[in-house]
Amino acid sequence: MARITLRQLLDHAAEHDYGVPAFNINNMEQALSIMAAADSVDAPVIIQASRGARAYAHDVMLRHMMDAVVEIYPHIPVCVHLDHGNNPATCMTAIQAGFTSVMMDGSLMEDGKTPADWTYNVGVTKTVADMAHLGGISVEGELGVLGSLETGMGDKEDGHGAEGKLSHDQLLTDPEEAVKFVRETKVDALAIAMGTSHGAYKFTRKPDGEILAMHVIEEIHRRLPDTHLVMHGSSSVPQELQDIINKYGGEIPQTWGVPVEEIQRGIKNGVRKINIDTDNRMALTGQIRRVLSEHPGEFDPRKYLKPAMEAMTKLCAERLELFNTAGQAGKIKPIPLAEMAKRYQSGELDPKIG
Ligand SMILES: O=C(CO)COP(=O)(O)O
Ligand SMILES: O=C[C@H](O)COP(=O)(O)O
Ligand SMILES: [Zn+2]
Ligand SMILES: [Zn+2]
């Protein structure tokens with residue numbers, strides 16, 4: 001039994017100064033690629049599924065897939081997390097499907113596109129935290145709206161994300177409000193906005209402090225040193241993956257992601273969960289394009305999916321190494337949900353705010 005809660009995993013990461021990538025999955029190939037990477041470097045992992053992934057794969061399939069990976073790799077702690085839950089019901093059904101952690105993203109309304117106000121966000125997030133903690137399940141909240149500081153636009157690319165132009169204030173989490181938010185909701189982890197966005201088109205140039213506001217993370221960490229921070233939209237969009245896709249018929253305009261050094265700087269400042277989806281999508285697509293273009297007669301999916309999985313495994317293993325997640329799996333013994341529930345009840349896991 002190696003399923004672990006987000007809270008236990010991030011507490012361990014904070015204690016030992018590392019970060020944990022949260023990789024998105026939609027199918028078996030992605031799940032197996034992540035696990036092969038985690039196994040190769042002895043790292044715990046967070047596997048997350050969005051609402052879109054749940055609709056694509058079906059909750060029953062996801063549940064059995066997660067059972068399968070913990071059975072295949074019993075020594076690897078796996079946190080199964082809901083990415084961007086849009087309302088309390090979505091979070092509750094994820095818990096029923098075996099997720100050990102949920103994100104209640106109250107930065108946007110239920111429609112996933114209208115920026116929400118403070119009262120709404122605190123209300124839904126606290127509701128989910130109160131309920132989930134009774135069962136020992138962890139909760140991530142979000143304060144601030146993800147979007148580009150270059151254009152003021154939210155990210156619509158993945159079907160969720162703010163619509164219309166956002167103000168600078170909305171795009172940068174306010175450190176004072178972050179303290180209040182964590183105190184009122186008792187979330188286990190806090191996603192913050194500081195210029196990253198989902199998808200491949202994050203920045204039109206290599207980001208500096210103007211458009212990737214790492215100083216906001218440092219400021220929040222100073223005020224909330226015991227809160228686990230989450231960076232969304234943290235794909236690096238490596239040049240070589242853009243190149244390979246374009247070499248084999250793709251058309252990805254030149255773009256920049258979040259440099260790994262910036263994520264490492266975040267990890268020194270309380271970032272414990274780093275969300276990565278796009279990089280893996282690109283790693284898979286690059287190899288599928290290459291194989292189909294080099295071997296146009298090929299029609300056995302394994303012939304292109306296997307190299308695709310290898311590329312994804314390589315990318316995941318690199319991130320696990322660079323975030324210092326590697327080598328930590330063997331040091332963690334997952335705490336059962338019932339025991340986590342007792343710890344929440346006792347107040348032991350309440351946010352520590354000075
Ligand atoms: O934040 C993410 C999922 O919640 C994924 O971000 P990327 O699109 O940068 O991979
Ligand atoms: O938002 C985060 C992930 O990139 C998931 O994207 P998705 O909603 O297209 O599954
Ligand atoms: Zn997304
Ligand atoms: Zn996200």
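The values are calculated or read from the model by the stated rules, or taken from the named source; none is laboratory data. Owing to the predicted nature of the structure, the values given are computational and were not obtained by experimental measurement. Positions of Cβ are generated from backbone atoms using ideal geometry, with glycine treated the same way; all protein chains shown enter the neighbour counts.
A few comments on the model shown:
- Test: residue in region 35-49 that is near ligand 2 (Cβ under 10 Å from one of its atoms), within 17 Å of THR100 (Cβ to Cβ) and at pLDDT 95 or above: yes
- Single unsatisfied condition, ALA116 versus (1) touching a helix residue (DSSP H, G or I) at 6+ places or on another chain (Cβ under 6 Å); (2) farther than 20 Å from ILE274 by Cα: (1)
- Just one of (1) in a helix (DSSP H, G or I); (2) within 16 Å of ligand 4 (Cβ to nearest atom); (3) touching a Phe, Trp or Tyr at 6+ places or on another chain (Cβ under 9 Å) fails for VAL237. It is (1).
- Residue check, GLY249 at pLDDT 95 or above, exposed (fewer than 15 other Cβ atoms within 10 Å of the Cβ) and part of a loop (DSSP other than H, G, I, E, B): yes
- Taking region 76-94 as the range and being without any contact (Cβ under 8 Å) to a residue 40 or more places away in the chain and under 12 Å from ARG54 (Cα atoms) as the test, the residues that pass are LEU82, THR90, THR93.
- Region 85-112, subset of a type in the set (Gly, Ala, Ser) and closer than 17 Å to ASP67 by Cβ, residue surrounded by the most Cβ atoms within 10 Å (Cβ to Cβ): SER101
- Any hit, region 39-52, residues being on the phi < 0 side of the Ramachandran plot and free of Cβ contacts under 8 Å to residues at least 24 places away in the same chain: no
- Identity of the residue in region 317-353, among the small types (Gly, Ala, Ser), exposed (fewer than 15 other Cβ atoms within 10 Å of the Cβ) and in contact (Cβ under 8 Å) with a residue 24 or more places away in the chain, that ends up farthest from ASP39 (Cα to Cα): ALA338
- Qualifying residue in region 273-282 (condition: more than 15 Å from ligand 3 (Cβ to nearest atom) and at pLDDT 95 or above): no
- Of the helices (runs of 4 or more DSSP H) lying entirely inside region 19-118, those containing at least 1 residues that are closer than 25 Å to ASP130 by Cβ are 51-57, 59-72, 88-96.
- Just so you know, in region 255-268 the residues that are crowded, with 18+ Cβ neighbours inside 10 Å and outside any helix (DSSP H, G or I) include one that is farthest from ligand 1 (Cβ to nearest atom), and it is TRP256.
For every residue, the table says whether it meets (1) in contact with a Phe, Trp or Tyr (Cβ under 7 Å, 6 or more places away or on another chain); (2) surrounded by 18 or more Cβ atoms within 10 Å (Cβ to Cβ); (3) outside any loop (DSSP other than H, G, I, E, B).
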site	(1), (2), (3)
ASN275	no, yes, yes
MET282	no, yes, yes
GLY286	no, yes, yes
ARG289	yes, yes, yes
LEU292	yes, no, yes
PRO296	no, no, no
TYR304	no, yes, yes
GLU310	no, no, yes
LEU315	no, yes, yes
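- Residue tally, condition closer than 24 Å to PRO44 by Cα and modelled with pLDDT under 95, over region 334-353: 0
- Of all residues in region 133-151, one or more are part of a helix (DSSP H, G or I) and touching a residue at least 12 places away in the same chain (Cβ under 8 Å).
- Scanning region 325-354 for residues that are in contact with a His (Cβ under 8 Å, 6 or more places away or on another chain) and not in a helix (DSSP H, G or I) returns GLN328, ILE332, LEU349.
- Of all the listed residues (ILE72, ILE34), the sole one being more than 17 Å from the chain's Cα centre (by Cα) and more than 19 Å from GLU140 (Cα to Cα) is ILE72.
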